[in-house]
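Colleague: A single structure is presented below for examination.
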Amino acid sequence: MRIASHAWRYATPALVLAPVAWLLSPLAALVALAAGALALVFHRDPERTTPPSGVVAPADGRVSVVRREGDRLRVGVYMNVLDVHVNRAPLAGRVESVTHSPGANRPAFSKDSDRNEKVRIDCGAFTVVQIAGAFARRIHPDVAAGDEVARGQRIGHISFGSRVDVVLPPHVEIEDLVVEKGETVRAGETVLVEDTTH
């Protein structure tokens, strides 16, 4: 099983502690081993098959935001603890900037989460926004300004709960969406918009 980068940062302390904990209590050792294993499972990074066309979901989870912001449509995907937390590019493009903004750590499914800590990956025609949740204190973008990204390519992950939004190109209208709020999507596979060339 492929594991996202930074996973060992969370798993190693628990796995190292397990033998020491065994001296105190076999139960404590089992808890430490379970915590380390869960950290690795949480950061799992399965392969995905990206369809030949369309805007694909940037994250696994449930569509929690569909709204217009000025001349752009924003679609947000809330990831619960059982979802894969590796994020993928919804379209091909060139990364113009990657900007980190500090903020709160409200639950990612709440309206207040717009003020949370976030990382904006601006690709000009579209933007991916990684938003930290109540327990997600680490956002890990894997791209930098100047990088070329392919549709469905891994672009980062968020540890322990979060939301990922895509701000779509200006020509995309709400009626172009082929998903709706509340629907479950898969990063790099579920199509949000069939055609991006109007």
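The values are calculated or read from the model by the stated rules, or taken from the named source; none is laboratory data. These figures come from a predicted structure and were not determined experimentally. Here the Cβ is made from the backbone with ideal geometry for all residues, glycine too, and neighbour counts use every protein chain on show.
Colleague: Of the residues G152, G161, G156, G146, which single one is in the same structural domain as H85 (by TED's automatic domain parsing), surrounded by 13 or more Cβ atoms within 10 Å (Cβ to Cβ) and modelled with pLDDT of 95 or more?
Modeller: Values: G161 fails: modelled with pLDDT of 95 or more; G156 fails: modelled with pLDDT of 95 or more; G146 fails: surrounded by 13 or more Cβ atoms within 10 Å (Cβ to Cβ).
Among G152, G161, G156, G146, only G152 is in the same structural domain as H85 (by TED's automatic domain parsing), surrounded by 13 or more Cβ atoms within 10 Å (Cβ to Cβ) and modelled with pLDDT of 95 or more.
Colleague: Now a separate question. Need the failing condition index for R72 against (1) touching a Pro at 6+ places or on another chain (Cβ under 9 Å); (2) closer than 23 Å to H43 by Cβ, just the number.
Modeller: (2)
Colleague: What about I155, is it touching a Leu at 6+ places or on another chain (Cβ under 9 Å) and hydrophobic (A, V, I, L, M, F, W, C)?
Modeller: For I155, the condition - touching a Leu at 6+ places or on another chain (Cβ under 9 Å) and hydrophobic (A, V, I, L, M, F, W, C) - is not met.
Colleague: Quick one: count up the residues across the stretch 160-189 that are within 12 Å of R74 (Cα to Cα) and β-branched (V, I, T).
Modeller: The qualifying residues number 5.
Colleague: Can we say V41 is out of contact with any Leu (no Cβ under 6 Å at 6 or more places or on another chain), at pLDDT 95 or above and not hydroxyl-bearing (S, T, Y)?
Modeller: No; evaluated as a whole, the condition is false for this residue.
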